[in-house]
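The values are calculated or read from the model by the stated rules, or taken from the named source; none is laboratory data. Keep in mind the model is a prediction, meaning the values are calculated, not measured. As a convention, Cβ positions derive from the backbone with ideal geometry for all residues, glycine included, and neighbour counts pool all protein chains shown. Quick note on the areas: whole protein, heavy atoms, side chains included, nothing else; ligands and nucleic acids left out. Shrake-Rupley method; radii C 1.70, N 1.55, O 1.52, S 1.80 Å.
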Amino acid sequence: MRLDKYLKVARILKRRTVSKELADNERVLINGRIAKPSSEVKVGDIITIVFGYRELTVRVLMLSKQVSKSDTALMFEIIEEKTENHDFSTQNE
């Protein structure tokens, strides 16, 4: 399954166009390598997504072309979720 479609179907990202844009900007990795929107995703792959100040790493557990909202949790497991903490209060001093 294509990376951009998987991220949308699994509801990791809300829109396929957002998935495509992040991948085009080299902000999505599959197994540690920069991925294109058309990259194939397989069960067991580790996907890392960087968006905003957040980095999300998940393991692909299942592939499905269509899944109910309640079953999306079966498609992946979150391995790590990091948020960069920026302190903007000292910038203008």
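Could you list, in sequence order, the residues of the range 20-30 that are farther than 18 Å from Lys82 by Cα and either surrounded by 12 or more Cβ atoms within 10 Å (Cβ to Cβ) or touching a residue at least 60 places away in the same chain (Cβ under 8 Å) (or both)?
Within the range 20-30, Lys20, Glu21, Ala23, Asp24 qualify.
Go through the range 40-88 and count every residue that is under 21 Å from Glu21 (Cα atoms) and of a type in the set (Val, Ile, Thr).
Counting residues in the range 40-88 that are under 21 Å from Glu21 (Cα atoms) and of a type in the set (Val, Ile, Thr) gives 10.
Any idea which of (1) modelled with pLDDT of 95 or more; (2) open to solvent by 90 Å² or more (accessible area, probe 1.4 Å); (3) closer than 26 Å to Ser70 by Cβ is the one Thr17 doesn't satisfy?
Failed condition: (1).
Considering only residues that are part of a strand (DSSP E or B) and free of Cβ contacts under 8 Å to residues at least 12 places away in the same chain, look in the range 31-84 and name the one that is most open to solvent (accessible area, probe 1.4 Å).
Arg33
Residue under question is Thr83, and the condition is that it be in contact with a Phe, Trp or Tyr (Cβ under 9 Å, 6 or more places away or on another chain) and at pLDDT 85 or above; does it hold?
Yes; evaluated as a whole, the condition is true for this residue.
Which residue is farthest from Ser64 (Cα to Cα), if the candidates are limited to the range 2-14 and must be part of a loop (DSSP other than H, G, I, E, B) and open to solvent by 40 Å² or more (accessible area, probe 1.4 Å)?
So, considering only residues that are part of a loop (DSSP other than H, G, I, E, B) and open to solvent by 40 Å² or more (accessible area, probe 1.4 Å), the one farthest from Ser64 (Cα to Cα) is Lys14.
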